[in-house]
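Take a look at this one; I'll ask things after.
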């Protein structure tokens with residue numbers, strides 16, 4: 001027998017009140033009841049009862065509480081992202097996946113020209129219109145934009161988690177007063193590259209003095225033409241064609257015990273003695289003409305295979321590999337002058353304060369720069385003819401350390417430094433001009449040279 005089965009409740013043979021009888025049979029006998037009520041002798045009374053019943057019925061309908069309907073459909077957003085260094089096609093798979101998971105979000109990734117990128121951003125900030133929701137900035141400029149960007153909501157990224165995830169300088173660059181303002185897209189900096197056919201593994205310089213001596217030793221002048229070398233010791237010169245000349249100058253000054261470029265009044269104040277000694281080291285490197293400068297820049301000179309050493313960044317690796325596949329080369333950390341520090345050079349994404357959705361913009365930005373996305377972008381870089389971008393996450397440092405080409409970046413990253421140059425485009429121009437006009441063979445940097453450098457740097461740090 002099914003014990004779950006319940007028999008129907010039996011009807012009780014109890015008297016039914018007229019009211020209950022009326023209510024129970026109202027639907028079935030409505031019209032017959034109405035006819036009885038409107039016939040004499042109940043005509044007037046019946047009509048009154050009907051009117052009262054209908055009034056109460058309508059009143060009951062109108063007074064019945066209406067259920068509240070909450071529209072849970074997410075608001076539609078179009079998020080525009082600008083970048084001057086990232087590749088739009090490289091990000092397409094990530095963006096497609098994000099839009100699929102978030103149908104209410106439409107992402108427009110605009111790959112902008114680096115040449116006018118900063119001036120366009122600054123003009124739109126000044127005008128207060130047509131800003132992208134997310135835009136890319138150099139790591140040294142984030143504090144410059146603090147008045148024009150929004151911090152992450154703490155439920156998306158809180159400072160404690162951020163502080164535990166990234167390398168020290170990336171934390172300093174991308175946060176302020178316990179708030180997170182930017183997310184790095186990678187980490188990069190100057191590193192040494194060498195031609196394995198011309199340099200032994202035992203000939204990797206640890207100090208700048210070693211680099212000077214080894215480069216001189218590797219330089220082979222042409223016997224019949226003194227302006228040419230049969231072999232270049234290093235692609236380095238105080239010349240327009242020397243890539244990263246401005247950053248080399250800053251690196252040397254930092255390595256020569258200059259802890260900060262600013263004094264207590266927030267004016268640039270590179271100490272004369274430290275600046276002189278630092279830049280004079282570069283003059284020693286180039287004074288014996290280790291590179292016979294031609295129409296090529298310093299990177300292309302190394303790629304040709306006739307140069308022992310070069311100074312590059314991780315972002316240059318694909319160019320080396322693709323333009324000379326037969327070149328056997330290796331990479332090493334940059335030599336040190338005094339302090340074991342290196343210059344951080346990378347970009348971050350930030351959220352504009354003109355966005356209509358701080359929350360949605362930060363969610364997208366977090367997704368595009370999280371560990372899984374960084375791993376995908378690095379692993380697929382060569383498919384898009386790009387160099388890998390070393391991860392800024394400490395948790396992925398071993399992946400970079402195990403890479404035979406990019407490992408120097410992971411080794412240098414914990415000791416990377418930076419200065420808030422505010423306008424890195426203009427300050428880099430000042431450093432480059434200074435090196436071209438002052439750090440030339442046969443010269444010696446003077447106290448006046450450093451004083452003028454400070455004056456010129458302060459002149460371009462006025463903001464908008």
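Looking at this structure, is residue 292 assigned to a loop (DSSP other than H, G, I, E, B), at pLDDT below 95 and crowded, with 17+ Cβ neighbours inside 10 Å?
Answer is yes for this residue.
Can you name every residue in the stretch 152-174 that is free of Cβ contacts under 8 Å to residues at least 60 places away in the same chain and within 20 Å of residue 81 (Cα to Cα)?
Answer for the stretch 152-174, where residues must be free of Cβ contacts under 8 Å to residues at least 60 places away in the same chain and within 20 Å of residue 81 (Cα to Cα): there is none.
So for the stretch 186-202 (the condition being touching a helix residue (DSSP H, G or I) at 6+ places or on another chain (Cβ under 9 Å), surrounded by fewer than 17 Cβ atoms within 10 Å (Cβ to Cβ) and either part of a loop (DSSP other than H, G, I, E, B) or touching a residue at least 24 places away in the same chain (Cβ under 8 Å) (or both)), does at least one residue qualify?
no
Continuing with this model, one more query. Condition (residue is assigned to a helix (DSSP H, G or I), under 21 Å from residue 168 (Cα atoms), touching a strand residue (DSSP E or B) at 6+ places or on another chain (Cβ under 8 Å) and at pLDDT 95 or above) applied to the stretch 422-435: is it met by at least one residue?
No, there is no match, as no residue in the stretch 422-435 is assigned to a helix (DSSP H, G or I), under 21 Å from residue 168 (Cα atoms), touching a strand residue (DSSP E or B) at 6+ places or on another chain (Cβ under 8 Å) and at pLDDT 95 or above.
Taking only the stretch 296-314 into account, find how many residues are touching a residue at least 60 places away in the same chain (Cβ under 8 Å) and in a helix (DSSP H, G or I).
5
Starting from residues that are touching a strand residue (DSSP E or B) at 6+ places or on another chain (Cβ under 9 Å) and surrounded by 16 or more Cβ atoms within 10 Å (Cβ to Cβ), keep the ones in the stretch 436-455 and report whichever is farthest from residue 249 (Cα to Cα).
So, considering only residues that are touching a strand residue (DSSP E or B) at 6+ places or on another chain (Cβ under 9 Å) and surrounded by 16 or more Cβ atoms within 10 Å (Cβ to Cβ), the one farthest from residue 249 (Cα to Cα) is 454.
The values are calculated or read from the model by the stated rules, or taken from the named source; none is laboratory data. The model shown is predicted, which means the values in this text are computed figures rather than measured ones. Neighbour counts run over all protein chains shown; Cβ positions are idealised from the backbone, glycine included.
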